[in-house]
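**Q** Dropping a structure here in structure tokens format, bear with me for questions.
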Amino acid sequence: MEDGQAQKRKSRQRRKQCIVLIFVAVVLVVLAIVLWLVLRTSEHEEFKRVFTSRCDAYGGGYDCAKTWSAFEQAYVGKDPCFVPPESYQALIEAAPIKPDCNRMMFWSKTKDVVHDFTSKKECFITMEDTFVGSVLDGLTWCSKVGSKETFTSGCPGWSDCVNNTVRSFWSKASASFAQVACGKVSVMLNGSIATPFSPASIFASIEVKNFNPDNMKSLEVVLVTQDKEVSNCANPSLQDLQKELAQGISYSCSEVPESQIEECASDPEKPCGSCW
Ligand SMILES: *[C@@H]1O[C@H](CO)[C@@H](O)[C@H](O)[C@H]1NC(C)=O
Ligand SMILES: *[C@@H]1O[C@H](CO)[C@@H](O)[C@H](O)[C@H]1NC(C)=O
């Protein structure tokens, strides 16, 4: 009799322990889910954080909340291949590109050398040094139909579709940058390729077409050459460039070795404008 009772007690105890263990496990799982829901930052929030911190860092009194909402309405909830450049009109109105006469520098196929130069010498500003340009430089973003999310991967690439989220931004912003170009304007082109003024480039297809001869005095081409010079200032594509310029905008071209630009950029004694 006593043995039977002891066994019953033991099994009742074991059942109790089991229930407690299951209960603890359930509580832990629920807690983990709640924590994950609370702590997880969506890609959208993460992208917004990057946008806002770059906006804050730029200074200049821009309203970062207003700029963000003008920006996100351009693409959130839309097919990433059907976001035409006009979608960014509200953003450009909220944060207009400011003219900076005699210091505006365009580039095509010379991104590294031009930005190395502008980062060391404050003689010129490129599109990427403007407010909207610096906030979005190097970033990828898109959404999809009916979504409130921002995705930073899996977005259509530069040439997958013409009106993609990122490309349309650069088209719109570059057009605005060119529209306000004023005084003496410069462009760094690549002398190591056969067509330094390529019709497919943003510079040829958008920027030159938006130059305003009322604001602009001249365009100086800095043709960056490397050891093997492929193109010089007599290149046929550069003659096309001259033809495209409106009357009233004068044109000049200099062939400048990349090493000379690098040396000059690193030489604090050299004044602006004497690098070529
Ligand atoms: C891209 O957008 C432009 C301007 O809105 C439009 O005219 C053009 O048809 C669009 N292209 C494509 C391939 O959707
Ligand atoms: C010019 O283009 C070539 C080929 O794409 C590239 O290797 C080179 O770095 C470019 N030169 C400059 C100065 O950016």
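The values are calculated or read from the model by the stated rules, or taken from the named source; none is laboratory data. Here the structure is a predicted model, which means the values were calculated and not measured. We place every Cβ from the backbone using ideal geometry, glycine too, and count neighbours over all the protein chains shown. Just the protein is used for accessible areas: all its heavy atoms, side chains included, with ligands, DNA and RNA removed. Shrake-Rupley method; radii C 1.70, N 1.55, O 1.52, S 1.80 Å.
**Q** Can you tell me which residue within region 70-113, out of those that are of a type in the set (Phe, Trp, Tyr) and under 17 Å from the mean Cα position of the chain (by Cα), is nearest to residue 145 (Cα to Cα)?
**A** Among residues in region 70-113 that are of a type in the set (Phe, Trp, Tyr) and under 17 Å from the mean Cα position of the chain (by Cα), the one nearest to residue 145 (Cα to Cα) is 75.
**Q** Being on the phi > 0 side of the Ramachandran plot and charged (D, E, K, R) narrows it down to one residue among 120, 109, 98; which is it? It would help to see each step written out before you state the result.
**A** On the way: 120 fails: on the phi > 0 side of the Ramachandran plot; 98 fails: on the phi > 0 side of the Ramachandran plot.
From the options 120, 109, 98, the qualifying one is 109.
**Q** While we're on this one: What single numbered condition from (1) modelled with pLDDT under 95; (2) open to solvent by less than 20 Å² (accessible area, probe 1.4 Å); (3) β-branched (Val, Ile, Thr) fails to hold for residue 187?
**A** If we test residue 187 against (1) modelled with pLDDT under 95; (2) open to solvent by less than 20 Å² (accessible area, probe 1.4 Å); (3) β-branched (Val, Ile, Thr), just (1) comes out false.
**Q** Go through region 230-255 and give me each residue that's at pLDDT below 95 and either surrounded by 13 or more Cβ atoms within 10 Å (Cβ to Cβ) or of a type in the set (A, V, I, L, M, F, W, C) (or both).
**A** Step one: of region 230-255, the residues at pLDDT below 95 are 230, 246-248.
230, 246, listed by residue number.
**Q** What pairs come out if I take residues in region 101-129 that are within 16 Å of ligand 1 (Cβ to nearest atom) and pair them with residues that are modelled with pLDDT of 95 or more whose C-beta lies under 8 Å away, six or more apart or interchain?
**A** Partner pairs satisfying both residue conditions: none exist.
**Q** Quick one: what pairs do we get from region 158-178, first residue without any contact (Cβ under 8 Å) to a residue 12 or more places away in the chain, second acidic (Asp, Glu) and within 16 Å of ligand 2 (Cβ to nearest atom), C-beta under 7 Å, 6+ apart or different chains?
**A** Qualifying pairs under 7 Å: none.
**Q** Still on this structure: Looking only at region 113-125, which residues are outside any loop (DSSP other than H, G, I, E, B) and not β-branched (Val, Ile, Thr)?
**A** Of the residues in region 113-125, the ones outside any loop (DSSP other than H, G, I, E, B) are 113-120, 125.
115, 116, 117, 119, 120, listed by residue number.
**Q** Moving on. Could you say which residue among 235, 215, 190, 210 is within 16 Å of ligand 1 (Cβ to nearest atom) and of a type outside the set (Asp, Glu)?
**A** Values: 235 fails: within 16 Å of ligand 1 (Cβ to nearest atom); 215 fails: within 16 Å of ligand 1 (Cβ to nearest atom); 190 fails: within 16 Å of ligand 1 (Cβ to nearest atom).
Within the list 235, 215, 190, 210, the selection yields 210.
Conditions tested, residue by residue: (1) in a loop (DSSP other than H, G, I, E, B); (2) within 15 Å of ligand 1 (Cβ to nearest atom); (3) open to solvent by 40 Å² or more (accessible area, probe 1.4 Å).
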position: 135; (1), (2), (3): no, no, no
position: 140; (1), (2), (3): yes, no, yes
position: 146; (1), (2), (3): yes, no, yes
position: 156; (1), (2), (3): yes, yes, no
position: 159; (1), (2), (3): yes, yes, yes
position: 166; (1), (2), (3): no, yes, no
position: 197; (1), (2), (3): yes, no, no
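**Q** Could you grab me the full set of residues in region 179-216 that are without any contact (Cβ under 8 Å) to a residue 12 or more places away in the chain and within 16 Å of ligand 2 (Cβ to nearest atom)?
**A** 200
**Q** Let me ask something else about it. Could you please tell me which pairs satisfy a Cβ distance under 7 Å, a separation of 6+ or placement on different chains, a first residue in region 260-276 that is over 17 Å from residue 221 (Cα atoms) and open to solvent by 50 Å² or more (accessible area, probe 1.4 Å), and a second residue that is assigned to a helix (DSSP H, G or I) and hydrophobic (A, V, I, L, M, F, W, C)?
**A** 270/264
**Q** Taking region 130-156, which residues are hydroxyl-bearing (Ser, Thr, Tyr) and touching a residue at least 24 places away in the same chain (Cβ under 8 Å)? So that I can check it myself, show each step before the final result.
**A** In the first step, residues of region 130-156 are kept if they are hydroxyl-bearing (Ser, Thr, Tyr); the result is 130, 134, 140, 143, 147, 150, 152-153.
130, 134, 140, 143, 147, 150, 152 - these are the residues of region 130-156 that are hydroxyl-bearing (Ser, Thr, Tyr) and touching a residue at least 24 places away in the same chain (Cβ under 8 Å).
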